[in-house]
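The values are calculated or read from the model by the stated rules, or taken from the named source; none is laboratory data. If you're wondering where the values come from, they're calculated on a predicted model, not measured in any experiment. Virtual Cβ from ideal backbone geometry, glycine too; neighbours counted across all protein chains shown.
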């Protein structure tokens, strides 16, 4: 006869078998649910966010620790802000562990803003990480954006204990982040229009005696002084001499350039919330797809447990089918949490299309969806820094010719791939977020077809 203990363990074993045989939550439409303990993000050299139209240019030639620890594994964040809308920042390196050195050259990442206020502030903080949960869970780009915006909100009320003020004004996330770093040095500078912005080259030390900064400040690219030739001139050849530091200028608008051999057949600016063509509009508890704010706007309002507790929605240009074409789109995201957005090409229905999306951490992906995803270009880091990250605007230009797809963002080609699954279809705009509410906007949209191509295509074109 079986003992009570034996019956107990038999019951437990049967329960385990029953539980493991039961179905779990249906899989998400995009990707598996992230694990509770995320892996360390892929290394990124620098995160750089700036205003390319800014007239105030600040170049950080060197940021140095004056009393470095034995193993100076440092991360440096520099923020230039005016207390209004303009914020520019650079984070180097963007993920720990950092670089074991006590000095960083950030001259390739100028800070640029167009200040509307009478003064502008610079904040530089050097840290070393003692833990990583906040940085890993929400991403370094989100951390740096929140720190930059928090600093911007403190202007003009900057105090001596800036870190404490940022924590008290901005809640648990920044408190958690400051709790997992050790501050090695902190520097704050103010620039005033009354002083003609004090243009020139300067070397300053922080009040805490921990940081030294050499920087150039100018109000136009022509005013930025050249980098000095290295002191050991006998070892210098012409190719060794650094070029004059000039801010990166924004590329011309892709919407202003004709395309040889093509004609434009669709042009939507959404001005005054008016459209020429018909777009899907609708809403439920989880999303809204509307024409508003001079855009085709997708708002995400709730996450969906059936998709791994993420929020996802999309909408298509109705009734128009394309085969070979070039599509141009200007897309804006309003949130700096992890977001993915882009276009579904040769869109036949919700289960058949080619996916092109970017992530506001600087990654991009191409995949075919036929009830499940087949990777054509798996999530890949943009090492060219072509994709503007965080809450930002990006311009797409995608060429579909026969079976070849070419993807460009902000005037630079990211990747080319081929796939012959679909010959034609509509175009849809999608928005994905892990945090709600979140908003994506399609602000410009053009489709160009070959000069002699039929348009519109009949709906039953094979």
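Things worth noting here:
- Residue within segment 153-166 that is assigned to a helix (DSSP H, G or I), modelled with pLDDT of 75 or more, surrounded by fewer than 22 Cβ atoms within 10 Å (Cβ to Cβ) and under 22 Å from the mean Cα position of the chain (by Cα) present: yes
- When the strands (runs of 3 or more DSSP E) confined to segment 373-462 are screened for residues that are in contact with a strand residue (DSSP E or B) (Cβ under 6 Å, 6 or more places away or on another chain), within 25 Å of residue 319 (Cβ to Cβ) and at pLDDT 95 or above, those reaching at least 1 such residues are found at 393-401, 404-409, 426-433, 438-450.
- Across segment 347-372, the number of residues qualifying as surrounded by 22 or more Cβ atoms within 10 Å (Cβ to Cβ) and either in contact with a helix residue (DSSP H, G or I) (Cβ under 8 Å, 6 or more places away or on another chain) or outside any strand (DSSP E or B) (or both) comes to 3.
- If you go through segment 368-386 and pick out every residue that is on the phi > 0 side of the Ramachandran plot and free of Cβ contacts under 8 Å to residues at least 60 places away in the same chain, you end up with 1.
- Residues (surrounded by 22 or more Cβ atoms within 10 Å (Cβ to Cβ) and more than 16 Å from residue 456 (Cα to Cα)) located in segment 317-346: 328, 329, 331, 333, 336, 339, 340, 341, 342, 343, 344, 345
- Of the residues making up segment 261-282, those that are under 20 Å from residue 333 (Cα atoms) and surrounded by 13 or more Cβ atoms within 10 Å (Cβ to Cβ) are 268, 269, 270, 273, 279, 280, 281.
- Residue in segment 292-309 that is surrounded by fewer than 18 Cβ atoms within 10 Å (Cβ to Cβ), in contact with a helix residue (DSSP H, G or I) (Cβ under 8 Å, 6 or more places away or on another chain), at negative phi and modelled with pLDDT of 90 or more present: yes
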